[in-house]
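Since the structure comes first, as structure tokens, the remarks are kept for the end.
The values are calculated or read from the model by the stated rules, or taken from the named source; none is laboratory data. As the structure is a computational prediction, the values presented were derived from the model and not from experiment. In this analysis, Cβ positions are derived from the backbone assuming ideal geometry, glycine residues included, and neighbour counts consider all displayed protein chains. With ligands, DNA and RNA removed, areas are computed over all heavy atoms of the protein, side chains included. Shrake-Rupley method; radii C 1.70, N 1.55, O 1.52, S 1.80 Å.
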Amino acid sequence: MNTPLVIKSTTVNGSTVLAPQSDIDMSRAPTMRDAIKSALEAKPSKLVIDLSVVNYVDSSGIATLVEALKWTREEKVGLTLAGLNPRVKTLMEITKLSAMFTTRATVEEACKV
Amino acid sequence: MEREPEISIRIFSDPHLLATVRGAIEGLAKCVGFHDKSRAMLTLAIDEALTNVIRHGYGDQTHGMIWVHMWRSADPRGLRIIIEDLGKATDPSKIKGRELDDVRPGGLGVHIIKETMNEAAWEPRPSGGMRLTLAKWLNAEELATSYPSPSNPEQSNS
């Protein structure tokens, strides 16, 4: 049975950083979606989603990231994904979404973008 | 499919149970000889298939029955998987992934399944619900670095 998704939220150099602490699948994607919406209500200059401890994302998780991209574009907020592991990168490639997102290896690099 | 599956799982259509099935698939795929990237995609494809059953077959109700049967196959070497449910039947010709140029949430599951698996066939079950038959074979690199398992009945009988 899946445990609930815990998402750490911090501010680094003026950027809001959301760091989900476990895999994002169909059961957890709604929590991620709510966290992104709440973060954007605070009108940050930039949103960074730190995926460095996320080993698995399914298409529900990818759909949530696509929604985040749409919302940040509407709000004119920069969005960067940080710390993607090879499995998540493969998923982004197979769904041809890698080119749509700005990605960085670490949160520190993402906050400089 | 003549012999008994290596693994059979019956779960309720509850998204919180998907991680349990992912663990079983990952373990059997490693046993067969799939490398990390193939295992990741195989696990994802099965997960997407189950997600579609929960969402579309059972309309997000969590008490529907889903059966997952997995066989190792010897020729070609790889895995065969059958997923069955008692949910709403769908015309197989209408099961399509969306165009990837259309960037929007949702609709990626069927695309991921077809992209990942060597075979993917949906059909209505005569007694109701749907059956999805899937197969994925080892690629050349995986074949070169893995060995047939002596405990595989299909191989030991041949």
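Overview of values
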quantity: Loop-located trypsin sites (Lys or Arg not before Pro) in the stretch B:1-63, at most 11 other Cβ atoms within 10 Å (DSSP); calculated: B:R3
quantity: Probe 1.4 Å - accessible area at B:D91, Å² to nearest ten; calculated: 70 Å²
quantity: Accessible-area order (highest first, 1.4 angstrom probe) of the listed residues B:C31, A:C111; calculated: B:C31, A:C111
quantity: Set A:K96/B:K88; A:K37/A:K96; A:K43/A:K70; A:K8/A:K46; A:K96/B:K37 screened for pairs whose C-alpha atoms are more than 20 Å apart; calculated: A:K96/B:K88; A:K37/A:K96
quantity: A:V12 accessible area, 1.4 Å probe, all protein chains in place, Å² to nearest 10; calculated: 50 Å²
quantity: Buried solvent-accessible surface, both chains (A, B), 1.4 Å probe, Å² to nearest 100; calculated: 2300 Å²
quantity: Accessible surface of chain B, 1.4 Å probe, proportion on carbon and sulfur as whole %; calculated: 51 percent
quantity: With all protein chains modelled, accessible area of A:K37 [1.4 Å, Å²]; calculated: 90 Å²
quantity: The protein assembly as shown - mean residue ellipticity at 222 nm from DSSP helices (-39,500 (n - 2.57) per run, n ≥ 4, rounded to 500); calculated: -10500 deg cm²/dmol
quantity: Test item: Cα-centred dipole of the protein assembly as shown, Lys/Arg +1 and Asp/Glu -1 on Cβ, debye; calculated: 500 debye
quantity: Members of the stretch A:62-85 that become less accessible by 40 Å² or more once partner protein chains are added (1.4 angstrom probe, chain alone as reference); calculated: A:V66
quantity: Cα centroid separation - the stretch A:40-113 against the stretch B:30-80, whole Å; calculated: 26 Å
quantity: Dipole of the protein assembly as shown, positive end: most advanced residue of B:I82, B:P5, B:L17 [Cβ charges, Cα centre]; calculated: B:L17
quantity: Mean Cα-pair separation over length for chain B, i.e. relative contact order, pairs under 8 Å, 6 or more apart, %; calculated: 26 percent
quantity: Of the DSSP H helices in chain B, those whose Cα atoms cover at least 15 Å axially and whose Kyte score averages 0.0 or more; calculated: B:18-32
quantity: Apportionment of accessible area to carbon and sulfur, the stretch A:1-72, percent (1.4 Å); calculated: 52 percent
quantity: Residues in the stretch B:28-44 that, when all protein chains are in place, have 20 Å² or more less accessible area than the chain alone would give (probe 1.4 Å); calculated: B:D36, B:K37, B:A40, B:M41, B:L44
quantity: Only Lys, Arg (+1) and Asp, Glu (-1) charged, at Cβ; chain B dipole about Cα centre in debye; calculated: 160 debye
quantity: Most mobile of B:L44, B:L17, B:L28 in a GNM of chain B (Cα contacts under 10 Å); calculated: B:L17
quantity: Accessible area per residue in Å² at 1.4 Å probe, computed on the protein assembly as shown; calculated: 48 Å²
